[in-house]
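The values are calculated or read from the model by the stated rules, or taken from the named source; none is laboratory data. On a predicted model such as this, the values are computed, not experimentally measured, just so you know. A quick note on method: Cβ atoms are made from the backbone with ideal geometry, for glycine too, and the neighbour counts reach across all protein chains shown. Calculation scope for accessible area: heavy atoms of the full protein, side chains included, ligands and nucleic acids excluded. Shrake-Rupley method; radii C 1.70, N 1.55, O 1.52, S 1.80 Å.
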Amino acid sequence: MIVRDLEEARRGDRLVKADGWDSTRLLLAGDDMGFSFHITRIATGTSHEFHYKHHFESVYCISGDGEIEELDTGKVHQIKPGVMYALDKNDRHRLTAREELVLACCFNPPVTGTEVHREDGSYAPAEEFKQSA
């Protein structure tokens, strides 16, 4: 069994910070669960473009207020507590927080915890990341 405390994880190397957001990686590839699980915070008034070309992601909003825009279609969906979205087609998207968003995120394949977003908003495929690590 794996048990981790969010606040304790935020004080260690499981907290990844970027401009306008942070993500605490509670489960990673090394935990051998087949997925990774993160609690991500998007700062109030920020907007971020992502495109997970090599990962599927599902996201559940715990708190906050914002929106997600499908960049290929322009369709906008409101994000508030209780809303879930899944990037089942590796969707390019823009996430905007009107009020700090706290999100529970699940990635498949799992991330290792040391990835960084590339210029296009994606992570490298797992095989490529393993070769460069």
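Run the dipole for the stretch 1-79 about the Cα centre, Lys and Arg Cβ at +1, Asp and Glu Cβ at -1, nothing else charged, and hand back the magnitude in debye, nearest 20.
Numbers: 9 positive and 15 negative charges, 44 e Å.
Roughly 220 debye for the stretch 1-79.
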**OP:** Provide Rg and Dmax in Å for the stretch 1-110, with only Cα atoms included in the calculation.
**Re:** 13.7, 42
**OP:** Pop the C-beta distance of residue 5 and residue 77 into the FRET formula with R0 = 30 Å and round what comes out to the nearest 0.05.
**Re:** 0.40
Subject >> Accessible-area composition of the stretch 1-102, carbon plus sulfur, in percent [1.4 Å probe] >> reply: 50
Original post:
Averaged per residue, what accessible area in Å² does the stretch 24-107 show with a 1.4 Å probe, protein chains only?
Top reply: 48
Original post:
For the stretch 50-63, in order, what is each residue's ³J(HN,Hα) by Karplus, 6.51 cos²θ - 1.76 cosθ + 1.60 with θ = phi - 60°, in whole Hz (x at glycine and Pro)?
Top reply: 9, 8, 7, 5, 10, 9, 9, 9, 10, 9, 10, 7, 7, 7
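What does the charge count near residue 76 come to, summing +1 for each Lys or Arg and -1 for each Asp or Glu among other residues with Cβ under 11 Å from its Cβ?
Numbers: positive: 75, 94; negative: 67, 69, 70.
Taking every Cβ under 11 Å from that of residue 76, the sum is -1.
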